[in-house]
1. I'd like to know if the range 16-32 contains one or more residues that are free of Cβ contacts under 8 Å to residues at least 60 places away in the same chain, crowded, with 20+ Cβ neighbours inside 10 Å, aliphatic (A, V, I, L, M) and in a strand (DSSP E or B).
2. Can you give me the number of residues within the range 123-166 that are at pLDDT below 85 and either in the same structural domain as Ser66 (by TED's automatic domain parsing) or touching a helix residue (DSSP H, G or I) at 6+ places or on another chain (Cβ under 6 Å) (or both)?
3. I want to confirm something. Restricting to the range 42-73 and keeping residues that are acidic (Asp, Glu) and either modelled with pLDDT of 95 or more or in a strand (DSSP E or B) (or both), which single residue is nearest to the chain's Cα centre (by Cα)?
4. Tell me yes or no: at least one residue of the range 75-85 is polar (S, T, N, Q), in contact with a Cys (Cβ under 7 Å, 6 or more places away or on another chain) and either surrounded by 15 or more Cβ atoms within 10 Å (Cβ to Cβ) or part of a loop (DSSP other than H, G, I, E, B) (or both).
5. Restricting to the range 33-71, name every residue that is among the acidic types (Asp, Glu) and buried (at least 19 other Cβ atoms within 10 Å of the Cβ).
6. Within the range 54-74, is there a residue that is under 21 Å from Glu99 (Cα atoms), touching a strand residue (DSSP E or B) at 6+ places or on another chain (Cβ under 6 Å) and among the hydroxyl-bearing types (Ser, Thr, Tyr)?
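The values are calculated or read from the model by the stated rules, or taken from the named source; none is laboratory data. Being a predicted model, the structure only gives us computed values, none of them experimental. FYI the Cβ positions are ideal-geometry reconstructions off the backbone, even for glycines, and counts take in every protein chain you see.
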Amino acid sequence: MAKTGVSTFKTTLLCPAKPGNDGAWAFLVLPKAASDTLPRRGRTSVEGTINGHPFQATLEPDGQLSHWLKVSKELQEAAAALVGDVVEVQVSPADPEPEPPLPNDLQEALATSPAARATWEDTTTIARVDWIHWIESAKQAKTRKSRVDNACEMLASGKKRVCCFDQSGYYSKSLSAPKTKA
C-alpha cells in the first residue's frame, strides 16, 4: 500500500438496489488508487469532503481491495448531490481512529463476562473495529448471535484479535459494495 495521505477524485453517486428500511441513501465506490492511500483494507475511518462539504465516516471494504462509502440523504443534500451526479471527493485517514460504537448485543455479552471485558478493554481500537465488523458482517441473526458468543469466548481466553476473518472481503467475497439499482 502507498503512503497514507489525502486523496482527491471524482466518482458517480450510486443508488443501491436494496436500500432497506433506513430510507433514501446513496453510495460511492472509491477508486482503487484512493483506497491504496488508506492505512488498511478493512473498515477504516476517514475525514473528507463531498463537493466541498465536510464529513466523517467509516468506509466499508468492497471485496475488490477498495472501499465504499454510504452517503446519507442529509449528506447528499448538504453536498448538493443527486444519485447519478459525478461528485468530487476528498478523503484522508482519521487520526486517531475513533472508537467504534459497541453494538448492544456485544455490550450485553461483555457485561456478563469480566474476563472477556478485560481483554476487550486491553485491545487496540483497530482490533475492536475488526471484532465489531466480524460480528456485524453476519447476514443472519443466528450467525450474529453465534459470533457474539464466540467473540466472548475468544476474548475471555485472552485472544485480542479475531482470527480467520478477511476484513477486506477479497478472499471470502463476504463483504462487498451494494449492488446498484438498474
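1. Here is the first cut: in the range 16-32, the ones free of Cβ contacts under 8 Å to residues at least 60 places away in the same chain are 19-26, 31-32.
Checking which are crowded, with 20+ Cβ neighbours inside 10 Å leaves us with 26.
From the residues that got through so far, the ones that are aliphatic (A, V, I, L, M) too are 26.
This time we only want the ones that are in a strand (DSSP E or B), so: 26.
Yes; the residues of the range 16-32 include at least one that is free of Cβ contacts under 8 Å to residues at least 60 places away in the same chain, crowded, with 20+ Cβ neighbours inside 10 Å, aliphatic (A, V, I, L, M) and in a strand (DSSP E or B).
2. The qualifying residues number 1.
3. Initially, the range 42-73 is screened for residues acidic (Asp, Glu), giving 47, 60, 62.
Among the residues that remain, those that are also either modelled with pLDDT of 95 or more or in a strand (DSSP E or B) (or both) are: 47, 60.
On the way: Glu47: 13, Glu60: 3 Å.
That would be Glu60.
4. Residues of the range 75-85 that are polar (S, T, N, Q), as a first pass: 76.
Going one step further and asking which of them are in contact with a Cys (Cβ under 7 Å, 6 or more places away or on another chain), we end up with none.
No, that holds for no residue.
5. From the range 33-71, those among the acidic types (Asp, Glu) are 36, 47, 60, 62; that's our starting set.
Scanning the range 33-71 gives Glu60, Asp62.
6. Yes: one or more hits.
The rows are residues; the columns are (1) in contact with a Pro (Cβ under 7 Å, 6 or more places away or on another chain); (2) over 22 Å from Trp68 (Cβ atoms); (3) among the charged types (D, E, K, R).
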position	(1), (2), (3)
Asp85	no, no, yes
Gln107	no, yes, no
Leu110	no, yes, no
Lys139	no, no, yes
Lys142	no, yes, yes
Arg147	no, yes, yes
